[in-house]
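Below you'll find the structure, written out as structure tokens, and then a few comments.
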Amino acid sequence: MDRVQKLNLVGLSKADYAAAPSTLCKGCGHNSIANQIIQVCYELSLRPQDVIKLSGIGCSSKSPAYFLGQSHGFNSLHGRMPSLGTGALQANHTLRAIGVSGDGDTGSIGLGQFKHLVRRNVRMVYVVENNGVYGLTKGQFSATAEYGQDLKYAGHNDFPPIDVAVEAIVAGAGFVARSFAGDAKQVRELLKAALSFRGLAVLDIISPCVAFNDEDDSRKSYAWGRANERALQELGYVAPQDEIVVEDYDPGTTAVVELHDGSRLTLRKLEADYEPNDRLRALERLRRGEEQGELVTGLLYYDDSRPSLAEVSGFGATPLSELPDDLLRPGRDALEGLLAAYA
Amino acid sequence: MGVQEPLSSPCVGAAPTAIVNDFSIAVATANGTGSQTANLALLRSFFKMGIPVHGKNIFPSNIQGLPTWYHIRVSRHGYVARRSPELLVAFNPTTIHEDVAGLPPGGVCVYNADIRYTPDRADLTYYPVPVKELLQDVDVKGKVKDYVANMTYVGVVAHLLGVPLDVVRRSLEHHFGGRAHLVASNFDVVSRSHDWARECLQKVDPYRVEPMDATEGLILMTGNEAGALGAVFGGVSVAAWYPITPSTSFIDALRDFLPQLRKDPEGRPTYTVIQAEDELAAIGMVVGAGWAGARALTATSGPGLSLMAEFLGLAYFAEVPAVVWDIQRVGPSTGLPTRTSQGDVAFAYGIGHGDTRHVLLFPSSIEECFEFGYKAHDLADTLQTPVLVLSDLDLGMNNWMGEPFAYPEEPLKRGKVLSAEEVERLETFRRYADVDGDGIPYRTLPGNQSPRSAWFGRGTGHDENARYSEDGAVWWRNMERLARKHETARQHVPTAVIQESPGARLGVICYGTTRYAIEEARDALALQGVAIDVMRLRALPFGAEVEGFVAQHEDLLVIEMNRDNQLRDILRAELPQHAAKLHGVGYIDGMPLTAAWVERQVLGHLNGRVD
């Protein structure tokens, strides 16, 4: 069978997951991430109609227009995608959501909404396409730019970066990962695992801006990422329908994370002593990586003990948006009974 | 008992003629002393006697300690506008001189005798109440004693005016629900004070109450409660808000009603209420929920509304239903945060940047709060746009009489939402195409299983297929369609209420709670031979009847609670051919209007002294 025509479990080809051609710069890391989202949704056999894609404002936030053309999407306001997503997913908690944000969108104008999204544990895959610079306004530093960096347009950066992964861990996120747009396999496996998580999964993906921040000495560049990436694990996602086979199983160096929907994530440890279930260790490792000039990637932190917002809300199987009118409007007796207390 | 008689002589002049069921009481206390329970007990007692009544809480932005007043209007004619009080209950030492000075000659002052105060007006009747002494043998301790202290004036006023004790008891039972011990401890103080007043005070003032049957079948409720109840019957499923006076009690009521009224057969909630981190997030959640197909609302006040501006512009342009209850208070900025106003009208009508025009509803009663509570969602869904309900602090936070609410007979109006099957039958689904010529496009909801149903919401320019476009002609066409939709809205919104009088030449235009003072003034003016026609707007954009009313009058006075006559300016802008005859007066001290003020404005205008 021709590769293009290969169909997945819901009868769709990979082309069915594509959307409008990207208008981002050639070589932009965001395009690579969009392509991985297409690949992952195809591989997982998700119905595009069951997925919503959300974003704020910025280069990154244009991304949802470039994947899953058969999914409803909303390109909302700068930094406000978390609230819009929260409302949408409370209205219909059966949808899966992929939110795409940027470092300006998440680390500056939307930092408050991001922290509260984490706090509420809304079931969403939240991807930060992190390039340390404002592209659409042509080259200003973002809040994730490194301390002391010099850029042609923006000049000298006098302030330390906000680390999105640290903020997510501190705020209580149960799934926090960092990746690099140049590491397609890792991005894919993390996306798959994130889509199976019960609550908010944060993926901070270093995604170089080829127009304004791709100098070799920039910590958000392709060259620097390739040279300095330190992956914590080699990841393998096993879908619920597949039998788990862990090749080259080496006790003590491989762990299996059971995900909420029955799927599993295998972690072949590259750093033997790293356990992704220790919040303080995760923070410490990120801090050490920052100090040593490493791009620490992989599953940084995992804890699925906290219910999602929809679970806390106690909804039934039918989403609020699809409830029949007789469940939305109480009967005449209910009104009369209630008003009697005000007579 | 220590004090045996009033300290002063009866009011000056001849023996008073009884004034029955027609007066206003002001109760002056300190914020946070539990006086609200006492005030509501008095209010509800009059109501239970069948006498038309209304209470206004005039309170500071403070938790405890600052002066607060409760005004109770008792009116056998059914008037409920604020009126300068003839009776004063002076329990706040810091304001007693100012409060007493505000009484008219012949007025009555019931005061706490423990306050260091010497009566200083010979034209008033004074009744000192020895509060500490009355509480000496009461079996309550500590802070509770401070709270029940207010029940002393309930007992004394009940005796002076002639409220039967069993009526007060029933009011307390209503207030405290099933908590018998609270009823008992409060009523104990009421009855002791009542008995003391009967034995020790000589009634010399003319004010009293007599039973009527004017409240039979009516209810007492706040506007915020009524609006929230309306929303529940309108099927609201997602509510998100950030606390702000005077809108907080709207959500409090929602959180009270929803668990009682809205569960599925398995007992699971058919709703969610989220306290957001700020107003930006609150409206964001509402827009997200509206986009995903749930009926959603937020409640806020002016400062919160300003934070919602960007999202409301987006919702207007992306054409997403959303309902915002703006319980107006005095601005700009924090302004007078616990005082009432109609100052958000112009801002709300155009909120967003660029060309935006929203649908506004102006409820004026608890019945309309309930009705607009569900209709706002019907309108938002029908028009696929935000609908802002502009209530105010006076309506929202005070108790008003009203008819029991009529059950909504018409089914929920969900507007032009296409199912998967309907999408499949179409040649193409064009999200923003004006298929019906009314400016309202068809939409699909996320989760629609047709692969052709998807569309991409955005604030950037888009064509009929919801595709990104910066084409000027496409933009122009889209904005023209949105203007057409706004015209369509005129046919859907509640129509204005017009009251005409034979021979009237002046047309008075109002909206919201100012109606009560204006309607009372209209009656008072009629007695003086001055007839006016009154039109009360209930929505923007206004319908054809508004233009008709304006066209048929040569002289129009717009009365509103803002300085700059915001509605007058909107009318002038939209009816430029009539601009010159639309005059405005604004009332801006944060207090609700009085009929006397309206009367003066009308007479002044007719005599050429105003505007």
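The values are calculated or read from the model by the stated rules, or taken from the named source; none is laboratory data. All figures in this text were calculated on a predicted structure; none of them were measured in a lab. All Cβ positions, glycine included, derive from the backbone under ideal geometry; neighbour counts span all protein chains shown. Remember, those area values only see protein heavy atoms, side chains included, never the ligands or the DNA or RNA. Shrake-Rupley method; radii C 1.70, N 1.55, O 1.52, S 1.80 Å.
Which value in deg cm²/dmol, rounded to the nearest 500, describes the helix-derived mean residue ellipticity at 222 nm for chain B, given -39,500 (n - 2.57) per DSSP H run of n ≥ 4 and division by the residue count?
Helix-only estimate at 222 nm: -11000 deg cm²/dmol.
Determine the equivalent ellipsoid of region A:1-106 by diagonalising the alpha-carbon gyration tensor, then write out the semi-axes as square roots of 5 times the eigenvalues, largest first, rounded to whole Å. Show your work: numbers first, answer last.
Details: eigenvalues 115, 66, 15 Å².
So the equivalent ellipsoid measures 24, 18, 9 Å along its semi-axes.
For B:Leu390, what is the net charge nearby, where nearby means another residue's Cβ is under 9 Å from its Cβ and Lys, Arg count +1, Asp, Glu -1?
Net charge around B:Leu390: -3.
Let me know the charge dipole size of region A:60-160 about its Cα centre in debye, to the nearest 20, where only the beta-carbon of Lys, Arg (+1) and Asp, Glu (-1) is charged.
In total the dipole reaches around 460 debye.
Using a 1.4 Å probe over the heavy atoms of the protein chains, calculate the carbon and sulfur portion of the accessible area of the protein assembly as shown as a whole percent.
Taking all protein chains in place, the protein assembly as shown shows 51 percent carbon and sulfur surface.
In debye to the nearest 20, how big a dipole does region A:224-342 give about its Cα centre with +1 on each Lys and Arg Cβ and -1 on each Asp and Glu Cβ?
Details: 13 positive and 25 negative charges, 89 e Å.
About 420 debye.
Please give the net charge around A:Ser71, taking every other residue with its beta carbon less than 10 angstrom from that of A:Ser71, where Lys and Arg add +1 and Asp and Glu add -1.
Counting the neighbours of A:Ser71, the net charge comes to +2.
Ranked from the most accessible area to the least, with a 1.4 Å probe and all protein chains present, what is the order of B:Glu545, A:Glu234?
Highest to lowest solvent-accessible surface, that is A:Glu234, B:Glu545.
To the nearest Å, what is the center-to-center distance of region B:353-381 and region B:544-611, using C-alpha atoms only?
What the calculation gives is 22 Å, centre to centre.
Among B:Asn186, B:Val144, B:Pro130, which residue has its Cα furthest toward the positive end of the charge dipole of region B:111-195, with +1 on Lys/Arg Cβ and -1 on Asp/Glu Cβ?
After comparing all options, I get B:Val144.
Calculated from DSSP H runs of 4 or more alone, at -39500 (n - 2.57) each and per residue, what is the 222 nm mean residue ellipticity of chain A, nearest 500?
-8000 deg cm²/dmol
Using only the alpha-carbon atoms, how far is helix A:111-120 inclined from the longest principal axis of chain A? Give it as 0 to 90 degrees, nearest 10.
Tilt relative to chain A: about 60 degrees.
Using only the alpha carbons of chain B, what is the convex hull's orientation-averaged projected area in square nanometres?
Seen from a random direction, the Cα hull of chain B projects 30.6 nm² on average.
Under the Kirkwood approximation for Rh and a Cα-based Rg, what ratio Rg/Rh is obtained for region B:473-520?
Reported Rg/Rh (Cα atoms, Kirkwood Rh): 1.25.
Let me spell out the model: positive unit charges on the Cβ of Lys and Arg, negative unit charges on the Cβ of Asp and Glu, origin at the Cα centre of chain B. What dipole size does that give, in debye rounded to 20? Numbers along the way, then the final one.
Details: 55 positive and 73 negative charges, 118 e Å.
I would put it at about 560 debye.
Whole number in Å², please: accessible area per residue of chain B, 1.4 Å probe, ligands, DNA and RNA not counted.
So chain B comes to 37 Å² accessible per residue, rounded to a whole number.
Go ahead and set up a Gaussian network model of chain A, Cα springs under 10 Å, then flag whichever of A:Ser218, A:Ser63, A:Ser207 fluctuates most.
A:Ser218
Across every pair of different alpha-carbon atoms, what Kirkwood hydrodynamic radius in Å does the protein assembly as shown reach?
For the protein assembly as shown, inverting the mean 1/r across all distinct Cα pairs yields 31.1 Å.
Which entries of B:Lys375/B:Lys413; A:Lys26/A:Lys152; B:Lys375/B:Lys416; B:Lys56/B:Lys375 show an alpha-carbon separation above 18 angstrom in the structure shown? Spell out each step's value before the answer.
Working: B:Lys375/B:Lys413 9 Å; A:Lys26/A:Lys152 20 Å; B:Lys375/B:Lys416 16 Å; B:Lys56/B:Lys375 27 Å.
Flagged as over cut-off: A:Lys26/A:Lys152; B:Lys56/B:Lys375.
Given a 10 angstrom Cα cut-off, can you work out which residue in A:Leu259, A:Leu151, A:Leu190 is the most mobile in a GNM of chain A?
A:Leu151
B:Thr338: accessible area at probe 1.4 Å, nearest 10 Å²?
Accessible surface of B:Thr338 is approximately 10 Å².
Towards the positive end of the charge dipole of the protein assembly as shown, with charges on Cβ (+1 Lys, Arg; -1 Asp, Glu), say which of B:Ala473, A:Leu295, B:Gly396 has the farthest Cα.
About the Cα centre, the residue reaching furthest to the positive side is B:Gly396.
Using every alpha carbon pair in region B:184-293, what percent of pairs falls into each 10 Å bin from 0 up to the bin containing the largest distance?
P(r) over region B:184-293, rounded to whole percents: 11, 27, 21, 15, 15, 9, 2.
Any chance you could give the angle, 0 to 90 degrees and rounded to 10, that helix B:279-291 forms with the longest Cα principal axis of chain B?
50
With just the Cα atoms defining each centre, how far is region B:73-91 from region B:262-311? Give it in Å.
If you average the Cα positions of each part, the centres end up 38 Å apart.
Per residue, what accessible area does chain A have, given a 1.4 Å probe and all protein chains present, in Å²? Don't jump to the answer; show the numbers that get you there.
Values: 13570 Å² over 343 residues.
Per-residue value: 40 Å².
Taking the Cα atoms of chain A alone, what are Rg (to one decimal) and Dmax (as a whole number) in Å?
My reading of the Cα-based Rg and Dmax gives 21.1, 76 Å.
Heavy atoms only, 1.4 Å probe, whole protein assembly: order A:Tyr301, B:Tyr407, B:Tyr242 by accessible area, highest first.
Output order, biggest surface exposure first: B:Tyr242, B:Tyr407, A:Tyr301.
Placing +1 on the Cβ of each Lys and Arg and -1 on the Cβ of each Asp and Glu in region A:212-343, which of A:Thr253, A:Leu328, A:Ala239 has its Cα farthest towards the positive end of the resulting dipole?
Value: A:Leu328.
Net charge within 13 Å of B:Pro67 by Cβ-Cβ distance, Lys/Arg positive one each and Asp/Glu negative one each, not counting B:Pro67 itself?
Local charge sum for B:Pro67: -2.
How many Å³ per residue does the convex hull of the Cα positions in region A:186-306 occupy?
Numbers: hull volume 14.8 nm³, N = 121.
Taking only Cα atoms, region A:186-306 has a hull volume of 122 Å³ per residue.
For labels at A:Leu9 and B:Ser333 in the simple 7 Å Cα→Cβ model, what's the distance in nm?
Going from the A:Leu9 label point to the B:Ser333 one covers 6.0 nm.
For A:Lys6, list the lysines whose Cα falls under 21 Å from its own Cα; do not include residues on the same chain fewer than 8 positions away.
A:Lys6 reaches A:Lys14, A:Lys185, A:Lys192.
Evaluate the relative contact order of region A:1-117 (contact order divided by residue number), counting alpha-carbon pairs under 8 angstrom at least 6 apart; express in whole percent.
26
Find how many whole Å separate the alpha carbon centroid of region A:168-195 from the alpha carbon centroid of region B:479-524.
Cα centroid of region B:479-524 versus Cα centroid of region A:168-195: 57 Å apart.
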